[in-house]
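Following: one structure in structure tokens, then a few remarks.
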Amino acid sequence: MEGVADLLRGRVPAVAVVAAHMEAAAPSVALGFDRCVSAGANEVIVVPYFLAPGQHSATDIPRLAAEAVARHPGVSCVLTQPLGVSTALCDVVLERVIEALARTQTPEWPGWSGARPMADY
């Protein structure tokens, strides 16, 4: 996740991009939120880094974000949907399959020959 945050920082350098975690890793959502506010944010957009909706994106992250925003009067919070279904994610899956096929003894699997990410069309 930190690698994606690094890429985002490169694309939107005027915005504080902070990767945060629910559990088992640092920084926590609370600390990540604090870092955004310390960087001058008056609105924090929380992006659940999950492929599909579930308990964490539907309940846990909204609760953690609400707890964080409650500690910062005057700061608002917007929660996005999880990453979900998109051509961009399909492209990543195709890239990984193509990379894997290139390392196999049969790089041309039936049905996969000619498959390429949307950016190549």
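When the scattering of region 5-71 is computed by the Debye formula from its Cα atoms alone, each counted once and equally, what is log10 I(q)/I(0) at q = 0.15, 0.18 Å⁻¹? Here log10 of I(q) over I(0) equals -0.48, -0.69. Candidates [x] 42, 30, 23; [y] 37, 32, 24; [z] 58, 32, 25; which is the computed Cα extents along the principal axes in Å? Among [x] 42, 30, 23; [y] 37, 32, 24; [z] 58, 32, 25, the one derived from this structure is [z].
Considering only GluC sites (Glu not before Pro) in DSSP loops that have at most 15 other Cβ atoms within 10 Å, the longest stretch of the chain without any of them is 24-107.
Each reported figure results from applying straightforward, stated rules to the coordinates on display, with no laboratory input. Bear in mind the structure is a predicted one, so any value in this text is a computation, not a measurement. Quick reminder, even Gly has a Cβ in these numbers, built from the backbone with ideal geometry, and neighbours come from all protein chains shown.
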